[in-house]
Each structure stands twice: as C-alpha cells, then as structure tokens.
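J.: This is the structure I want to talk about, given as structure tokens.
The values are calculated or read from the model by the stated rules, or taken from the named source; none is laboratory data. In this text, all values refer to a predicted model and were calculated from it rather than measured experimentally. Here the Cβ positions follow ideal geometry from the backbone for every residue, glycine too, while neighbour counts run over all protein chains shown. We work out accessible area using only protein heavy atoms, side chains counted, and drop any ligands, DNA or RNA first. Shrake-Rupley method; radii C 1.70, N 1.55, O 1.52, S 1.80 Å.
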Amino acid sequence: MALPVKAILWVDDEAERLESHRLFLREKGYEVEWALNADDAVEMLRRRPYDLVLLDEQMPGKRGLEAYREIRALAPTLPVVMVTKSEEDATLREAIGADVREYLVKPVNPRQVLSVITKLLEGPQIRQQAMARRFSTRFREMQLEDRWPEDWRGWMERFAELMRWDIDLEEAGETSLYEALQGLYSDMHREFAAFMAKAYPRWLVDLEGDRPPLSVDVVEEFVVPVLDSHGAAVLVVVDCMRLDQWMVLEPLLAPFFEVETTHYYAVLPTATPYSRNSLFSGLFPGEIAARLPDWWGERDDNESLNAHERQLLDHHLGDLGRRVPVRYQKISTAAESDELERHIQGSVASEGVSAFVFNFVDLLTHGRSESTILYEVARDEIALRNLTRQWFERSALFSVLREAAQRRVPVIITTDHGSIHCNTPATVFAKRDATANLRYKFGEDLRAENPSQALLFRDEDTLRLPHHGSNANTLLAVGDTFFVYPTKLREYQSRYRGSFLHGGVTPEEVILPLALLTACA
C-alpha cells in the first residue's frame, strides 16, 4: 500500500517566483499549497492538516514571526521552517528564541528546501532504519563470533555496548529487535558468572596484576588525582544505579559539564554494606572488619554497617597522605533532600572533598517489593530508567551538580552497585545460621539445588570477606535468580518475583559507571 503524500503549506507573497520549487517537490512526492499572506495561511490550517509549513519572514501585513505564533497556537507540534531574505543576527536569534525548527536564507535552491523537508519529515524514520540496519549487522556478527569476552576489558566494552543498544532500540520503538537483544541476556549472565568465578578470586590474590579498577580503587585512582589538581572535588555515590540508568542521565549534564565516563567492577557481594564501605575505605570488607572493627558494626545490621562512611573516607584519604577537609551528606528522605536544597549554595566546599550519597534509586528498587503502586510504575528496566530520569531532573542531586558547575569544582559521580530484574526462584538449602539475603548468603553447608544458579565459595578469605563462622560458605546468585527456601517457596515467589535485587554476580550489578564531570568553559 502506497504511503500517504506529505502535504506542505508554503506561505510567501512571491509564490509565482517559487513555482519551480513546487514542481520539484511534487516530483519528489510532496504536495505543496500556497498561501500569499499570514491570515490566509492560518485559515487554510483551520480547514485541513499539513505536515510542514515553509514561512516567509518578510511579507506585507503580519511578519512571519507573528504568523508563527498563531500557527504554533493552532498546531503546537507542526514543524515550521522560516524562510527570509534577512541575514541579520537579530532575526536569526529571534527565530531561534521562538523555537523555529529550521531557518533558510533566500535565495534558496530546490535542493536546500528538499534537504530541510526530508530532515524534518523523514529524518526520524531514516535514522531509525539506519540504526536497525546497524544493529542487525552487529547482531549477526555477535552470533558468528565468540560472543562473550575472555578478559575484564572486553566485558566492560561488551556490556556498555549492549546497554546502549538496549536504550536506543527501545527509544526507537524497534520491538522485534529489542526482543532479539533481550534474548542474548541469559547467555550473557551465564558466561559472565563463569568468567567471574575464575577471574575475581585471582584479582584479589594479585592486586598488582592485570585487573580492573575495583570498589577499593575508586578514591585513590579517580578522586585523589582530581583533588590534587584542583584542590577540591565532589564525590557523588548514587546507591544502586545501573549503567543503563546512568546513560539516560548523562545527556542532561551536557549543558553544564564535559563528561568523561569510564567503568569499574564492584566488589562481591554487590550489596551496600560491602561494596560502598569498600569504596569509601579503600579496603575489602574483611580488612575493614579486621582493622577498623568499630566502624564495621554487628553482623546483618545493615544500618550500622554503613554508619561510618565519612570516617572511612577520612581515614582512607589520610592513609593516602591527603589530610584534607571531608564533608559528607547522605540523602535518604524527602526532608533531607529539602534541607539540602535550602542550603545548596553552601553544599560544595572550595577545598577538600564534598561527598554525597543519594539513596533514591535504591529505595525505589527495594520499595517495589512492598508497594503495589511502585511495582506498577517501575515494572521493568525501561520504566526504571524513565523514573530515574524524572527523579533526577527535579532532584537535590541535580542542584548539587549545577552548584558544582557554577563553582567550577570537578565532580566524580558513580555508584556502589547495580541491580538485576529477578524472575527466577532458585531453591537453596541452608542451616538456620544462614543470612536472609535474596541474592547472597553466608552460612554453613549452603548449596543451591541447581548449581548453575549460584556461585559457591567455600573460603571467605577467597573473597576477602569477614568471617561468619569457622565453616561458613558464601553463595552468590547468578542470572535473574533470587534465593528461596523449600519450605517458603510459594511465599517468596509471590513476594519477590519481578523485583529488582542486588548482591549477586551479573554485569548489571557488577560493571558500574564512573564519570568525571568538568564544568564547561
């Protein structure tokens, strides 16, 4: 079936001189109608819809920009191209200020006009088709090659590529290609777990060898160099932010910062008490418990386990020979956010480190399990990305970043771990001493009914974790699984299926964004 012809309204009091343009556009498949003045144009728009308007700026009677405002009130989404003889900057700036889509200066040739029309009317479809071709080609390449990397750099690059495709295909409405991409993820999870089972213990044995940046390296490798070069740095940790969530936030920062994004690996388990304490302290959890027991807290008491982040950061900087002022704020409630907004001008220090932890994303992901409303509005990864962006646009975090840009203080923004959308229950057997976490467990004689659904580590020293008993094992979930007990199978399935959880070993939880934001000149 032939596509409907696109209709163009050209508003110009010199229509007879532009007849060659109309004939050229008709040959290219467009219908063109003339209006000799602004009033006629508005009346024609009331009678029928058009796909685009070409509007002369200098006509007898109403100026083109006056007519533009009437057209915009009548048809808010209709693309309008301003055509004018004037090359004055003031006219150009006025048109841009009025949000005119495109601007042409007479004399124009038919090809110029066609180029603008094609860009506005067919550009999105052309870009979508090109993206679909690129993805189809890349998808076939991945099917033909050994798809999954064998080193940590390759995994960073591949996962970042897949997350970019995930966002682009969804935004383009390419449903079938998006589903094809989703079909890769179960294989990705399995291969990544096998990679981490071998590579992660090796990294922790040979910290000087070829390994990725880990949570323990964030302050030394990324914060300290900024601190040394500028005398001040802002460190922002957005709890539980996935790489794809960061990707939809990054474009919002372009007006304020030059953004350089890299990645690092979270320590295991990918849970706040372990990964975030390691980030602030530069120590693995077992080292924190052994060297700084007063700042570690009691077992399973997550509140106390993360109650000393400022002290850990201060101690870590001191160990690195940087005895500088450390300011720290954790924002977990609306009241704390409002308080930060009220004092935003004093939030970023001109020397030392200003550290912030924002817990909204983590609270959102956990809250889905308890709230029917939150479950509905954050149903999947796409909805979670959209909610994160909506929050960020009006958040105290965005206010802090704009304040840092104004003060020209560099920002390091990152997260402590990601999350994974869990839909598969994994039955585990454990004694009563086992911890209650859904993606990781410590305890004696732990085992998964299906060994492929979890990684089992029999020695906590292998993971540099605190000791949980002389015979304790560590069980870490892989893929989209969550741990259930045989006696509570139905209860756990109904309550936690579809939840976003963390603590396990997937790229979504482990491979994390870290960005340096430098204020624009």
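J.: Report relative contact order for the chain in percent, whole number only (criteria: Cα-Cα under 8 Å, sequence separation at least 6).
T.: 16
J.: Between the range 126-195 and the range 452-473, what's the alpha-carbon centroid distance in Å?
T.: Value for the Cα centre distance between the two parts: 33 Å.
J.: While we're here: Highest mean first, how do 106-117, 233-244 rank when packing is the count of other Cβ atoms within 10 Å averaged over residues?
T.: So the order, starting with the most tightly packed, is 233-244, 106-117.
J.: For residue 499, which sequence-distant residues (separation of 5 or more, or a different chain) have an amide H within less than 5 Å of its own amide H, given hydrogens modelled in the peptide plane?
T.: So residue 499 has HN proximity to 422.
J.: Let me ask another. Carbon and sulfur: what percent of the chain's accessible surface (1.4 Å probe)?
T.: 49
J.: Same structure again: Between residue 351 and residue 254, with labels modelled 7 Å along Cα→Cβ, what's the label distance in nm to one decimal, could you check?
T.: According to this spin-label approximation, the distance is 3.8 nm.
J.: Right, next: Roughly how many Å² is the accessible area per residue of the range 237-296, as a whole number, for a 1.4 Å probe?
T.: About 27 Å² of surface per residue is accessible.
J.: Would you work out if the range 143-251 is rounded, prolate or oblate? Take a ≥ b ≥ c from the square roots of the eigenvalues of the alpha-carbon gyration tensor; rounded if a/c is under 1.5, else prolate when a/b is larger than b/c, oblate otherwise.
T.: It comes out oblate by the Cα gyration axes.
J.: Counting Lys and Arg as +1 and Asp and Glu as -1, each charge on the Cβ, what is the dipole of the chain about the Cα centre in debye, to the nearest 20?
T.: 640
J.: Something else now. Which of the GluC sites (Glu not before Pro) found in the range 1-89 are loop residues per DSSP with 16 or fewer other Cβ atoms within 10 Å of their Cβ?
T.: 14, 87, 88
J.: Give the relative contact order (percent, whole number) for the range 137-295; include only Cα pairs under 8 Å separated by 6+ residues.
T.: The normalised contact order for the range 137-295 reaches 24 percent.
J.: In deg cm²/dmol and to the nearest 500, what is the mean residue ellipticity at 222 nm of the chain if only DSSP H runs of at least 4 residues count, each as -39500 (n - 2.57), divided by the residue total?
T.: -13500 deg cm²/dmol
J.: Once the piece of chain linking residue 230 and residue 390 is laid out straight, how much longer is it, given 0.36 nm per residue of separation minus the C-alpha distance between them?
T.: Length difference between fully extended and current span is 54.4 nm.
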